[in-house]
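Presented below is the structure to which this report refers.
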């Protein structure tokens, strides 16, 4: 027998209309947040970052691929990983479907990771992805945008992530079970795994100059995590007590 409230169609409709008002209010608030993001001051990027891509070694400007806007997903794939982070992989599963739409709206979407290009290319082929993916392994890019950290920063608790300095949930000892689980699935240990973090950054190219316009991290990526947007609308919601997701080719049934 169900433990959830049961009602008539009229009762459901009354509750649904009340929820609709709340949903509309959230939509309006989301529109206002988008406006505030776009109103942030731009910060000029003068450092000459270099990336390895399937087209060769390129600059940050080259990652725009002739467009005026660039969205970078900071994908957790450190140089010592043997596979990409499962969480980042589940987020990136949606990129194939919409990166072409963004490209036709003057926006280039690319992933960037510190792993070598050969590792990224092999993993991209395994996952069946077609979106651009660049290696920043020989660059300060990840460190400057606060998604990668040195052993010294980790040891001294000097990590600045999600606009907070100090120890974060991933840095607790012993490592939280999800961190340990994901580290093992990436073929590395928890400390090495935690030296890379997820995030996204936005850039604009105007009059030959590049500007950093926005970055978000941690739960700020929730809206980009497609499966959770669907689960939040399913009868039981997220309905999770721990990590349940895997890389899409690791489920027993697909």
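The values are calculated or read from the model by the stated rules, or taken from the named source; none is laboratory data. Treat the numbers as computed from the prediction; the structure is a model and nothing was measured. Here the Cβ is made from the backbone with ideal geometry for all residues, glycine too, and neighbour counts use every protein chain on show.
Among the residues of the stretch 161-181, those identified as touching a helix residue (DSSP H, G or I) at 6+ places or on another chain (Cβ under 6 Å) and in a helix (DSSP H, G or I) are 170, 179, 180. For residue 1, state whether it is within 26 Å of residue 161 (Cα to Cα) and either assigned to a loop (DSSP other than H, G, I, E, B) or in contact with a helix residue (DSSP H, G or I) (Cβ under 7 Å, 6 or more places away or on another chain) (or both). Taking the combined requirement at face value, the residue does not satisfy it. When we screen 149, 95, 141 for residues that are free of Cβ contacts under 8 Å to residues at least 40 places away in the same chain and under 18 Å from the mean Cα position of the chain (by Cα), the only hit is 95. Kindly indicate whether residue 167 is surrounded by 12 or more Cβ atoms within 10 Å (Cβ to Cβ), free of Cβ contacts under 8 Å to residues at least 12 places away in the same chain and out of contact with any strand residue (DSSP E or B) (no Cβ under 9 Å at 6 or more places or on another chain). Against the criterion (surrounded by 12 or more Cβ atoms within 10 Å (Cβ to Cβ), free of Cβ contacts under 8 Å to residues at least 12 places away in the same chain and out of contact with any strand residue (DSSP E or B) (no Cβ under 9 Å at 6 or more places or on another chain)), residue 167 qualifies.
For the stretch 15-34, the criterion of a residue being at negative phi and in contact with a helix residue (DSSP H, G or I) (Cβ under 6 Å, 6 or more places away or on another chain) is satisfied by no position. The requirement of being exposed (fewer than 12 other Cβ atoms within 10 Å of the Cβ) and either in contact (Cβ under 8 Å) with a residue 60 or more places away in the chain or in a loop (DSSP other than H, G, I, E, B) (or both) is not satisfied by residue 158.
For (1) under 22 Å from residue 41 (Cα atoms); (2) surrounded by fewer than 19 Cβ atoms within 10 Å (Cβ to Cβ); (3) in the same structural domain as residue 156 (by TED's automatic domain parsing); (4) free of Cβ contacts under 8 Å to residues at least 24 places away in the same chain, each residue gets a yes or a no:
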{"site": "183", "(1), (2), (3), (4)": "no, no, yes, yes"}
{"site": "189", "(1), (2), (3), (4)": "no, yes, yes, yes"}
{"site": "196", "(1), (2), (3), (4)": "no, no, yes, no"}
{"site": "206", "(1), (2), (3), (4)": "yes, yes, yes, no"}
{"site": "209", "(1), (2), (3), (4)": "yes, yes, yes, no"}
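Within the stretch 209-233, the only residue that satisfies the criterion of being farther than 20 Å from residue 147 by Cβ and modelled with pLDDT of 95 or more is 209. The strands (runs of 3 or more DSSP E) found wholly in the stretch 12-126 and carrying at least 2 residues that are under 30 Å from residue 189 (Cβ atoms) occupy 50-53, 69-74, 107-113. Here is a check on your reading of the model: is residue 117 more than 21 Å from residue 66 (Cα to Cα) and either crowded, with 16+ Cβ neighbours inside 10 Å or touching a helix residue (DSSP H, G or I) at 6+ places or on another chain (Cβ under 9 Å) (or both)? So residue 117 fits the description; yes.
The sole residue among 192, 213 that is part of a strand (DSSP E or B) and either within 19 Å of residue 30 (Cα to Cα) or out of contact with any strand residue (DSSP E or B) (no Cβ under 6 Å at 6 or more places or on another chain) (or both) is 213.
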